[in-house]
Amino acid sequence: MYNISSKEMKVGRMVHLWMLQVIVLNLIILEASEAVDPTQGFIPVAVDSSNFQVQKPYNVPVNQRYSFSNGVHRFRVYSTDKPFKSGSGTLPRTEIRITGHDYTSGVWQFEGHGYVPSGTTGVCIMQVFGGSPTATTLQLRVYDGSLTSYRSPVLLRNMYNRWFRLNVIHDAAASNVKVYIDGVLKYNGAGRGRANHYFKFGVYTQNDPSHYMESRWKNIKLFRK
């Protein structure tokens, strides 16, 4: 009969303990990545088409860069387009600026479902405008199929050609920004100071852009505490 040595028993206990630790760690990771409803505890804010101000290259008609059909906003812009107004030094954009709900304090939340077709890169698709010393508190950009906060960190990979739910929570007083994608917290970072803030979404050219850029949005909502 084979007798288990004390050394083998000790190794066995260590392996068992290691396996338990792995299981607990996996459960923690699973719990942390579970989808939640970021709008819990928030109050809906009334938003309709009257709050949507389209900004597009100043020398082309709106319908050449923006459309709204079957509940979907579709934004297009070319890297060679003009800015949104004559004399502006900003890069080309086709965006909706949400009006009527500017804020300087409180906790505000943007929700929308976004879609970016393959090939679009070097572009901001959503932003929290207003900051100090920068012009924005948050820019969500697309680079080669990844969604990033400014240039980094990466919040979502392989994002092309699929709908995703985006929730952005901005606590102006605490200068904090949280980004949820499909209900999972992907970013929790510092804001960029108090200012007159508002939300924008669409396509706004950044560095290293593709010639053609597009994003689509639906189910746009605002909330606040």
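The values are calculated or read from the model by the stated rules, or taken from the named source; none is laboratory data. Nothing here was measured: the structure is a model prediction, and the numbers come from that model. Virtual Cβ from ideal backbone geometry, glycine too; neighbours counted across all protein chains shown.
All of (1) of a type in the set (Phe, Trp, Tyr); (2) buried (at least 22 other Cβ atoms within 10 Å of the Cβ); (3) touching a His at 6+ places or on another chain (Cβ under 9 Å) hold for Tyr180 with one exception: (3).
The residues of region 165-183 that are in contact with a Leu (Cβ under 9 Å, 6 or more places away or on another chain) and acidic (Asp, Glu) amount to a single one, Asp182. Scanning region 164-176 for residues that are on the phi < 0 side of the Ramachandran plot and either surrounded by 14 or more Cβ atoms within 10 Å (Cβ to Cβ) or in contact with a Ser or Thr (Cβ under 6 Å, 6 or more places away or on another chain) (or both) turns up Phe164, Arg165, Leu166, Asn167, Val168, Ile169, His170, Asp171, Ala172, Ala173, Asn176.
Let's see how each residue does on (1) under 14 Å from the mean Cα position of the chain (by Cα); (2) modelled with pLDDT under 95; (3) over 13 Å from Gln109 (Cα atoms):
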| residue | (1), (2), (3) |
| --- | --- |
| Tyr150 | yes, no, yes |
| Val168 | yes, no, no |
| Ala173 | no, yes, yes |
| Val179 | yes, no, no |
| Ala195 | no, yes, yes |
| Phe201 | yes, no, yes |
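Only one of the numbered conditions (1) more than 17 Å from the chain's Cα centre (by Cα); (2) surrounded by 18 or more Cβ atoms within 10 Å (Cβ to Cβ) is violated by Val62, and that is (2). Quick check: is even one residue across region 116-126 more than 18 Å from Met213 (Cβ to Cβ) and in the same structural domain as Val203 (by TED's automatic domain parsing)? No, because not a single residue in region 116-126 is more than 18 Å from Met213 (Cβ to Cβ) and in the same structural domain as Val203 (by TED's automatic domain parsing). Within region 109-162, the set of residues being of a type in the set (Gly, Ala, Ser) and either crowded, with 17+ Cβ neighbours inside 10 Å or in contact (Cβ under 8 Å) with a residue 24 or more places away in the chain (or both) comprises Gly112, Gly114, Ser118, Gly119, Gly122, Gly130, Gly131, Ser132, Gly145, Ser146, Ser149.
Of the set (1) part of a loop (DSSP other than H, G, I, E, B); (2) among the basic types (Lys, Arg); (3) within 16 Å of Cys124 (Cα to Cα), all apply to Arg141 but (1).
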